[in-house]
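The values are calculated or read from the model by the stated rules, or taken from the named source; none is laboratory data. Given the structure is predicted, the values throughout are model-derived calculations rather than measurements. Every residue, glycine as well, gets a Cβ built from its backbone with ideal geometry; the counts of neighbours run over all protein chains shown.
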Amino acid sequence: MAAVQTAPVFLDLAASLDKAAALVAEAAGQGARLVAFPEAFLPAWPAWVDEVLPGEDAAWYVRLLEQSVVVPGPVTDRLGRMARDAGVHLVIGVNEREEHGGTVYNTTVYIGPDGRLLGKHRKLVPTHAERLVWGMGDGSDLQVHQTAIGRIGGLICWENFMPLARFAVYAQGVEVWIAPTLATHEPWVAAMRHIAREGACHVIGVAPAARFSEVPAGIPDRDRLWRDTPERGDWMLDGYSVIVDPSGTVLAGPLVREEGILYAELDLDAARARRRLFDPVGHYNRPDIFRLVVDDRPKPHVVSRTQAARPARVSS
């Protein structure tokens, strides 16, 4: 497993894709079979949400929207080629939009080593000021994917603090939990260790390490994006990427205030053996007392009554 702690080229989709391609090739060269990138890596996180008032972010939002990713589409095609050329499973955070939409979603994309799009997951609840930028996902993509390296899935950033969302993923037998995040601080490591023990799964918590000085000079109103303080200085995001085994033991990291790639060996039997002691959706659950109902139906904004009323075709 490889967790890539790096920053995108801020609001530059093409350059961020090039950076991702080089890092995927580097990780594959070190033997990684799964490569995970941070939350909203393509083309960047909305750094302005805590720095300016709503309505003052139009130029940044338009640029973000223009460079957001349609899934599936040309960008996921390139990600597929990237994964196929390297022979890796690729998990990467993107800003997603509908083909003709004006809303951006915080999405994790899952790509197989054959280049196939395995699926995506939209963040269910953007956190705090993020709601000024990102829309909400639904339960239709709260999924775990069967792969040659185990069942992979997970949640995005503070979704990992939603107990019922975690349970819904645990119930699908997740073995490798991917947690792309912008929560770059020490308590995040504790959360990753807790999820590893609670879910009896491997956990990759992957975050960016980003400096304000790396934001390209051509970004509109660049100086309004960041207010440094004596303790923060140039660091916008500190990292704290980490890889944890099912017992909660930290295998790699945390990596703090530096870019780099964390590596760790994956032992699927460790997750299975751990569940002999504690299985949150099996023998250590009480379905006669507690029940979780998940509405996994897609929630499209427009449903065509014509299509819905059209009779199904019957094959002879």
Report task. Would you mind finding the one in Ala14, Ala40 that is on the phi > 0 side of the Ramachandran plot and either in contact (Cβ under 8 Å) with a residue 60 or more places away in the chain or in a helix (DSSP H, G or I) (or both)? Result -> Ala40
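Do we find that Ile219 is of a type in the set (Val, Ile, Thr) and modelled with pLDDT under 95 in this structure?
Taking the combined requirement at face value, the residue satisfies it.
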Report summary line: Exactly one of Gly73, Gly87 is surrounded by fewer than 16 Cβ atoms within 10 Å (Cβ to Cβ), closer than 30 Å to Glu265 by Cβ and either among the aliphatic types (A, V, I, L, M) or out of contact with any strand residue (DSSP E or B) (no Cβ under 7 Å at 6 or more places or on another chain) (or both), and that one is Gly87
Query raised in the report: Does Arg63 satisfy the criteria of being assigned to a helix (DSSP H, G or I), surrounded by fewer than 23 Cβ atoms within 10 Å (Cβ to Cβ) and in contact with an Asp or Glu (Cβ under 7 Å, 6 or more places away or on another chain)?
Result: no
Query raised in the report: Among Val91, Val35, Val75, which is the only one that is farther than 22 Å from Gly260 by Cα and aliphatic (A, V, I, L, M)?
Result: Val75
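Give the residues of the stretch 12-45 that are of a type in the set (A, V, I, L, M), in contact with a Pro (Cβ under 6 Å, 6 or more places away or on another chain) and crowded, with 24+ Cβ neighbours inside 10 Å, sorted by residue number.
The first filter runs over the stretch 12-45 and keeps only residues of a type in the set (A, V, I, L, M), leaving 13-15, 17, 20-25, 27-28, 32, 34-36, 40, 42, 44.
Add one more test, that the residue is in contact with a Pro (Cβ under 6 Å, 6 or more places away or on another chain), and what stays is 13, 44.
Passing the criteria: only Ala44.
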Report task. Under 9 Å between Cβ atoms, at least 6 apart or on separate chains: pull out the pairs that start in the stretch 215-243 with a residue that is within 19 Å of Gly253 (Cβ to Cβ) and end on any residue that is at pLDDT below 90 and assigned to a strand (DSSP E or B). Result -> Gly239/Gly253; Tyr240/Gly253; Ser241/Gly253; Val242/Gly253; Ile243/Gly253
Query raised in the report: Do you know which of the residues in the stretch 239-259 that are among the small types (Gly, Ala, Ser) and on the phi < 0 side of the Ramachandran plot is surrounded by the most Cβ atoms within 10 Å (Cβ to Cβ)?
Result: Ser241
Query raised in the report: Which of the residues belonging to the stretch 166-194 are of a type in the set (Val, Ile, Thr), touching a Leu at 6+ places or on another chain (Cβ under 9 Å) and either more than 28 Å from Arg275 (Cα to Cα) or in a helix (DSSP H, G or I) (or both)?
Result: Val169, Thr184
